[in-house]
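S.K.: Structure in structure tokens, see below.
The values are calculated or read from the model by the stated rules, or taken from the named source; none is laboratory data. Since the model is a prediction, treat every value here as computed from it, not as a measurement. A quick note on method: Cβ atoms are made from the backbone with ideal geometry, for glycine too, and the neighbour counts reach across all protein chains shown.
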Amino acid sequence: MTRNVNFLETDTNPEVVGGKYREGKTKRGGLRVPGKMSWNPFKAGPKKQIVPKTVERDFERENGKLQQLEDQTKKLQKDMKKSIEADLAMSKSAVRITSDLLGNPLCEPDPDFLAMVTALDTAMKRMDAFNQEKVNQIQKTVMDPLKRYSNVFPSLNMAVKRREQALQEYKRLQSKVEKYEEKERTGAVLAKLHQAREELRPIRDDFEAKNRQLLDEMPKFYNSRIDFFKPSFQSLIRAQVVYYTEMSRVFGELAQQVDEVPLTDAERERENEAKLAELRALSIVADD
């Protein structure tokens with residue numbers, strides 16, 4: 001006859017010792033009675049994320065736009081400086097060339113050539129003067145505002161750095177709180193948990209204030225760039241227009257003084273070749 005088996009039957013009954021179950025033995029595959037509770041009602045849940053992903057993405061996006069703006073502003077400032085220096089070097093070199101020509105023996109025996117070089121020298125000096133005015137205008141209305149604008153970025157970067165420092169301190173103290181929340185709730189642990197939460201509160205408030213301020217002001221700063229730069233580049237265009245208008249007039253007058261009988265480029269080239277052939281015919285320059 002088959003014997004009925006009670007799978008809950010054990011050789012020893014579980015006993016309660018010190019508020020906990022002591023594990024009993026099983027019989028013939030019976031169920032084991034747990035000796036210790038595995039569920040802790042006071043255990044903290046999964047660690048929460050300090051900064052929501054959407055907020056962090058917004059911050060990284062706005063900060064990235066400002067970093068790019070800073071790089072482009074520095075590049076523009078550098079290129080504008082090079083352009084100004086090149087303009088000044090060009091006009092100063094032109095004045096030196098005509099000054100050298102006036103002191104050259106080439107001009108002494110030929111009054112017409114001397115008059116032409118003198119007219120060229122006058123034109124180059126006028127060009128240099130107008131160029132200096134243009135550069136002064138660009139320096140005042142473009143370069144100086146660019147410099148002031150660039151000087152804002154170090155303060156902005158420092159605000160971002162302080163936000164990052166506050167975030168790291170926030171994470172450190174939050175981790176400390178979570179560590180005590182996971183411990184058994186003894187009197188000492190609860191006291192330390194309370195203290196950690198008190199330490200965390202002002203740090204959390206400080207970070208959230210810095211984060212809100214940056215998320216509010218970074219887009220405003222970025223969006224203001226057009227209103228800031230537009231007047232500067234309008235002034236740059238006007239300065240260039242005035243300069244090249246004056247240069248057209250200066251060189252138009254010079255052309256009238258130099259070309260009494262205007263020659264075409266082809267005619268001038270043939271004339272130069274003829275003169276060069278005469279020079280080559282001289283014995284002192286003939287090939288050995």
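S.K.: Could you tell me which of the residues L214, L193 is surrounded by 12 or more Cβ atoms within 10 Å (Cβ to Cβ) and at pLDDT 95 or above?
M.R.: L214
S.K.: Given the criterion modelled with pLDDT under 95 and among the charged types (D, E, K, R), identify the matching residue among D287, D205.
M.R.: The match here is D287.
S.K.: Now for a separate question. Determine whether the stretch 126-140 contains at least one residue that is farther than 30 Å from Q257 by Cα, touching a Ser or Thr at 6+ places or on another chain (Cβ under 6 Å) and surrounded by fewer than 15 Cβ atoms within 10 Å (Cβ to Cβ).
M.R.: no
S.K.: Return the residue satisfying two criteria in turn: it lies in the stretch 222-240 and is among the basic types (K, R) and exposed (fewer than 14 other Cβ atoms within 10 Å of the Cβ), and of such residues it is farthest from the chain's Cα centre (by Cα).
M.R.: For the stretch 222-240, the residue satisfying everything is R238.
S.K.: Let me ask something additional. Just the residues that are closer than 15 Å to E253 by Cβ and within 48 Å of the chain's Cα centre (by Cα), please, taken from the stretch 94-128. Walk me through it before giving the result.
M.R.: First, pick out the residues of the stretch 94-128 that are closer than 15 Å to E253 by Cβ: 115-116, 118-127.
Within the stretch 94-128, L120, D121, T122, A123, M124, K125, R126, M127 meet the criteria.
S.K.: Taking into account only those residues within the stretch 218-242 that are of a type outside the set (G, A, S) and either touching a Leu at 6+ places or on another chain (Cβ under 9 Å) or not in a helix (DSSP H, G or I) (or both), which is farthest from V142 (Cα to Cα)?
M.R.: Taking the stretch 218-242 and keeping what is of a type outside the set (G, A, S), we get 218-223, 225-231, 233-234, 236-238, 240-242.
Next, from what is left, pick out any that are either touching a Leu at 6+ places or on another chain (Cβ under 9 Å) or not in a helix (DSSP H, G or I) (or both): 218, 221-222, 225, 229.
On the way: M218: 23, F221: 19, Y222: 19, R225: 14, F229: 8 Å.
Ranking the candidates gives M218 first.
S.K.: Going residue by residue through the stretch 34-52, is there one that turns out to be modelled with pLDDT of 85 or more and not in a loop (DSSP other than H, G, I, E, B)?
M.R.: Checked the stretch 34-52: no residue is modelled with pLDDT of 85 or more and not in a loop (DSSP other than H, G, I, E, B).
S.K.: Additional query: If you go through the stretch 99-116, how many residues are modelled with pLDDT of 90 or more and either among the small types (G, A, S) or surrounded by 12 or more Cβ atoms within 10 Å (Cβ to Cβ) (or both)? Walk me through it before giving the result.
M.R.: Taking the stretch 99-116 first, the residues modelled with pLDDT of 90 or more are 99-100.
Subsequent filtering for residues that are either among the small types (G, A, S) or surrounded by 12 or more Cβ atoms within 10 Å (Cβ to Cβ) (or both) retains 99.
Residues in the stretch 99-116 being modelled with pLDDT of 90 or more and either among the small types (G, A, S) or surrounded by 12 or more Cβ atoms within 10 Å (Cβ to Cβ) (or both): 1 in total.
S.K.: List the helices (runs of 4 or more DSSP H) inside the stretch 104-192, counting only whole elements, that have at least 1 residues being more than 30 Å from L66 (Cβ to Cβ) and touching a residue at least 60 places away in the same chain (Cβ under 8 Å).
M.R.: Of the helices (runs of 4 or more DSSP H) lying wholly inside the stretch 104-192, those with at least 1 residues that are more than 30 Å from L66 (Cβ to Cβ) and touching a residue at least 60 places away in the same chain (Cβ under 8 Å) span 111-138, 152-182.
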